[in-house]
Amino acid sequence: MFNLTVVILTKNEQDNIVEVINNVKKCADDILVVDSFSTDNTIRLAKANGARVVCRELDNDFSEQRNFALTQTQAKWILYVDADERLSDELINNIKSIVVTNEDKQCIIKRKSVAFGQEFNYGVLRADFVVRLFPRASVKWINKVHEQPLCSLPKKKLAGYIKHYTYNNWDQYFNKFNQYTSIWAQNAHERNKKSSIVAAFFHASADFFQMLVIQKGFLDGKLGFVLSLNHFFYVWVKYIKLRQLRAEQLNRKKKN
């Protein structure tokens, strides 16, 4: 039985997969790639560099993909790392220590973001803390997008950090923008959440102010302002998409 399985979710990550596998090899004795039927060289490169690969369609549900990974290993511990993330040496050493001592904890890790060649400290891409390391049998994931782990174990903050190389170009940014707003709207619609133009504008304006001023996005320079402004549109679009789904549902009911 493995002590630690590192799970990497992928879809067309040929530019990242070799580097992330080599990075997590420093602390893991099993690397599991759950791939959503990549059409590039992701699968071939993952296998060539020592990872196990299981293919499963993502179907716009990140939690189910992470939960599926839990069924593909019997390791005592499980660590989730995205393809565009890298573990610092200090964090790697701390992960190895947790696994060896077998502490019954869920572990919080600091994550720093790098986008468009710039490291961010404030605003939308400010450093945050994510829970990624768990005893495998203790965790379940919820929410289709911006997924969250459910785990009742005490939390322990690890020294070191994850560096997240989140966006290299604007095409990448807006592709994710479109994907995430659609998933959020569909999920909210299924929970019978409602929206309006006024509500969309209010939420978007409040989040813009939060990111630019409260979270000091302006201190990250021009890109800090641009990302804060884009966040306004991100929130606006997800509520408008929700409103559209609601309108389509009402139209179908009228026709029936």
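The values are calculated or read from the model by the stated rules, or taken from the named source; none is laboratory data. If you're wondering where the values come from, they're calculated on a predicted model, not measured in any experiment. Note that each Cβ is placed from the backbone with ideal geometry, even for glycine, and that neighbours are counted across all protein chains shown. Heavy atoms of the whole protein, side chains included, go into the accessibility calculation; ligands, DNA and RNA do not. Shrake-Rupley method; radii C 1.70, N 1.55, O 1.52, S 1.80 Å.
Which three extents, in angstrom, do the Cα atoms of the chain have along their principal axes, listed largest first?
56, 50, 39
Kindly sort K163, K140, K76 by accessible area of their heavy atoms, largest first, with the probe set to 1.4 Å.
Heavy-atom accessible area, descending, gives K140, K76, K163.
In terms of Cα to Cα distance under 18 Å, which aspartates and glutamates are near enough to K76, apart from those fewer than 8 places away along the same chain?
Qualifying aspartates and glutamates at Cα under 18 Å: D29, D30, E103, D104.
When you take every Cα atom in the stretch 152-195, what is the radius of gyration, and what is Dmax, the widest Cα pair distance, in Å?
So, for the stretch 152-195, Rg and Dmax equal 16.7, 41 Å respectively.
Carbon and sulfur: what percent of the stretch 134-203's accessible surface (1.4 Å probe)? Could the numbers behind the result be given before it?
Working: 2130 of 4170 Å².
Carbon plus sulfur share of accessible area: 51 percent.
Run the numbers on the chain and let me know its relative contact order in percent, using alpha-carbon pairs under 8 Å that are six or more apart.
Value for the chain: 18 percent.
Can you give me the convex hull volume of the Cα atoms of the stretch 63-195, divided per residue and expressed in Å³? Spell out each step's value before the answer.
Details: hull volume 17.9 nm³, N = 133.
Dividing the Cα hull volume of the stretch 63-195 by its residues yields 135 Å³.
Could you sort the peptides 217-224, 195-202 by per-residue average Cβ neighbour count (10 Å cutoff), highest mean leading?
217-224, 195-202
Rg(Cα) of the stretch 110-256 divided by 2.2 N^0.38 Å?
1.22
State the Cα centre-to-centre distance between the stretch 181-256 and the stretch 66-92 in whole Å.
That distance is 31 Å.
Give me the one-decimal nm value for the distance between modelled label points at N143 and K155, 7 Å along each residue's Cα-to-Cβ direction.
1.3 nm
Can you tell me, using C-alpha contacts under 8 Å and at least 6 residues apart, the relative contact order of the stretch 87-197 as a whole percent?
34 percent
Could you work out how far apart the two model spin labels at V213 and Y173 are, taking each label as a point 7 Å from the Cα in the direction of the beta carbon, and quote it in nm?
Result for the modelled spin labels: 2.3 nm.
Can you say what percent of the DSSP beta bridges in the chain, counting only those with both residues inside, are antiparallel? Round to 5. Numbers along the way, then the final one.
Numbers: 17 of 40 bridges.
If we restrict to bridges inside the chain, about 45 percent are antiparallel.
For the stretch 62-203, report the accessible area per residue in Å² (1.4 Å probe, heavy atoms, rounded to an integer). It would help to have the intermediate numbers written out before the result.
Numbers: 6960 Å² over 142 residues.
Heavy-atom accessible area per residue stands at 49 Å².
If I take every Cα pair under 8 Å that is 6 or more residues apart in the stretch 1-66, average their sequence separation and divide by the length, what percent do I get for the relative contact order?
35 percent
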